[in-house]
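K.L.:
To start, I am sharing the structure in question, which I have written as structure tokens.
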Amino acid sequence: MPSHASDTATPSPIHAVVAEDFAAVNRTIMTRLGSRIPLVETIGQHIIVSGGKRLRPLLVLLAARALGYQGDHHITLAALIEFMHTSTLLHDDVVDESHLRRGKATANDAWGNAPSVLVGDFLYSRSFQMMVDVGSMRIMSVLSSATCVIAEGEVQQLTNVGNPDIDEAAYFETIQGKTAMLFEAASHSGAILADATPEQEAALQHYGRYLGLAFQLIDDLLDYQGDAETMGKNVGDDLAEGKPTLPLIQAMATGTPEQSRLIRKAIRQGGLDHLQEVLEIVNATGALEYTRRRAMEMAEQALAQLETLPRSPYRDSMTELTHLAMDRQA
């Protein structure tokens, strides 16, 4: 398993303004993955080097630098945010019984459920160890609270499985917890580290929240538009797991009684027996366009928060990051 930093992420133009910081984050990630138990390193490296744009740690770097931060704790903070994220991925794949992530076998598929859960626990624990190194009680408060909200969001999603009565408000509450919270914690903690004014701190907190919501909405949209090759997972995975995401919620709300009944049945049953009919219904009812519009609303709210920041290449990259979240096809 390669362990050098250049293999650990997929840099893109939005990383350019923090290229040196980003490289330092990758080095820190690989160093702090170290364990006296070889399997911990093996599984940790498997998921961490398997791709991804490192958007959450990137948010930390951009938020801190946009406010003129000159220290080096943002490197540790960004790395520990990635560990928090990675631990949730390990746990999610076990819960969802997933076999693919970013086009590669999941850790649970390769090594089994028990090692995946336990290495996820290790990464969470290591992230808290690194929080102590950052040395900010306020940041520790934000991040420890975030872990509780994220866990609640995951449990809420689990209880929603197979339930076609979930409405849009309940859906947004779920994705705020399971996805948007870590985006929010990343940009918020970066602002705290940089001694932001109260107005700037609130703006960066909300920027991360709205960006995370937009990101998840597009993710749920792509589950009914993408393909396994570009998405790194299979089309209809959410349907197969019985997850009532916004495309289905909207299609049930606006479709005919017959269309609504079919989607309700598909959510209750899970599986892919009705995938083709469901794909036709979400297209016919305009549910995908509606989901994209809602994502655009979240992205616009995210962009509005950036007005409180001084103009800089870092702020420009945060603007670009928001557009990237909306435009991605995978």
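The values are calculated or read from the model by the stated rules, or taken from the named source; none is laboratory data. Not measured: the values here are computed from a predicted model. In this analysis, Cβ positions are derived from the backbone assuming ideal geometry, glycine residues included, and neighbour counts consider all displayed protein chains. Accessible surface areas use protein heavy atoms only, side chains included; no ligands, DNA or RNA. Shrake-Rupley method; radii C 1.70, N 1.55, O 1.52, S 1.80 Å.
K.L.:
Of Met326, Ile192, Asn163, which is farthest on the positive side of the dipole of the chain, counting Cα position, with +1 on Lys and Arg Cβ, -1 on Asp and Glu Cβ, and the Cα centre as origin?
P.N.:
Of the listed residues, the answer is Ile192.
K.L.:
Moving to a separate point now. Which loop-located trypsin sites (Lys or Arg not before Pro) does region 32-77 contain, where loop means any DSSP state but H, G, I, E or B and the Cβ has at most 15 other Cβ atoms within 10 Å?
P.N.:
Listed in order of number, the matching sites are Arg36.
K.L.:
Enter the accessible area per residue of the chain (Å², integer; probe 1.4 Å; all protein chains in place).
P.N.:
Averaged over the residues of the chain, the accessible area is 42 Å².
K.L.:
Is any residue of region 130-164 close enough, with backbone N under 14 Å, to a label point placed 7 angstrom from the Cα of Arg268 along the Cα-Cβ axis, and if so, which?
P.N.:
Once the point is set 7 Å along Cα→Cβ of Arg268, 162-164 turn out to lie under 14 Å by backbone N, inside region 130-164.
K.L.:
If I build a Gaussian network model for the chain, linking alpha-carbon pairs within less than 10 angstrom, which residue out of Asp167, Asp72, Asp109 has the largest mean-square fluctuation?
P.N.:
Asp72
K.L.:
Please compute the length gained on full extension between Leu39 and Glu300, using 0.36 nm multiplied by the number of residues separating them and subtracting their Cα-Cα distance.
P.N.:
Full extension from Leu39 to Glu300 adds 89.6 nm.
K.L.:
In the chain, carbon and sulfur make up what percent of the accessible area (probe 1.4 Å)?
P.N.:
Result for the chain: 52 percent of the exposed heavy-atom area is carbon or sulfur.
K.L.:
A further question on this structure: To the nearest 0.05, what FRET efficiency results for Ala19 and Gln70 with a Förster distance of 22 Å applied to their C-beta separation?
P.N.:
Efficiency at R0 = 22 Å is approximately 0.85.
K.L.:
I'd like the FRET efficiency for Glu277 and Thr31, computed as 1/(1 + (r/R0)^6) with the beta carbon distance as r and R0 of 51 Å, rounded to 0.05.
P.N.:
Once the sixth-power term is evaluated, E becomes 0.50.
K.L.:
Can you give me the long-range amide H partners of Lys243? Hydrogens built in the peptide plane at 1.01 Å from N, cutoff under 5 Å, separation of 5 or more residues or another chain.
P.N.:
Residues meeting the amide H criterion: Gly162.
K.L.:
Sort region 168-273 into rounded, prolate or oblate with this rule: let a ≥ b ≥ c be the square roots of the eigenvalues of the Cα gyration tensor; rounded if a/c is under 1.5, and if a/c is not under 1.5, prolate when a/b is larger than b/c, oblate otherwise.
P.N.:
prolate
K.L.:
Follow-up. For the chain, what number of Lys pairs, 8 or more residues apart or on separate chains, have alpha-carbon atoms under 19 Å from each other?
P.N.:
Step by step, the pairs that qualify in the chain add up to 8.
K.L.:
Further question on the same structure: Could you identify which residue out of Leu272, Leu123, Leu58 has the top mean-square fluctuation in a GNM of the chain using Cα springs shorter than 10 Å?
P.N.:
Its mean-square fluctuation being the largest, the pick is Leu272.
K.L.:
Applying the Karplus parametrisation 6.51 cos²θ - 1.76 cosθ + 1.60 with θ = phi - 60° to the phi angles of region 65-71, what ³J(HN,Hα) value in whole Hz is obtained for each residue in order, glycine and proline being reported as x?
P.N.:
Values, residue by residue: 5, 4, 9, x, 5, 10, x Hz.
K.L.:
Give me, ordered by chain and number, the residues 5 or more places off Leu100 or on other chains with an amide H under 5 Å from its own placed amide H.
P.N.:
Distant-sequence amide H within range of Leu100: Thr106.
K.L.:
Select from Leu279, Leu211, Leu62 the residue whose mean-square fluctuation is largest in a Gaussian network model of the chain (Cα-Cα springs shorter than 10 Å).
P.N.:
Leu279
K.L.:
So what J values fall out for region 281-296 if you push phi through Karplus, 6.51 cos²θ - 1.76 cosθ + 1.60 with θ = phi - 60°, rounded to Hz, Gly and Pro as x?
P.N.:
With coefficients 6.51, -1.76 and 1.60, one gets 5, 5, 6, 5, 8, x, 5, 6, 5, 4, 4, 5, 4, 5, 5, 5 Hz.
K.L.:
So what are the ³J(HN,Hα) numbers for region 164-172, from phi and the Karplus equation (6.51, -1.76, 1.60; θ = phi - 60°), rounded to whole Hz, Gly and Pro as x?
P.N.:
x, 8, 5, 9, 4, 4, 5, 4, 5
K.L.:
Got a sec? Which residues in region 56-81 would a label at Ala151 touch, if it sits 7 Å along Cα→Cβ and we count backbone N under 20 Å?
P.N.:
Residues passing the 20 Å test: 80-81.
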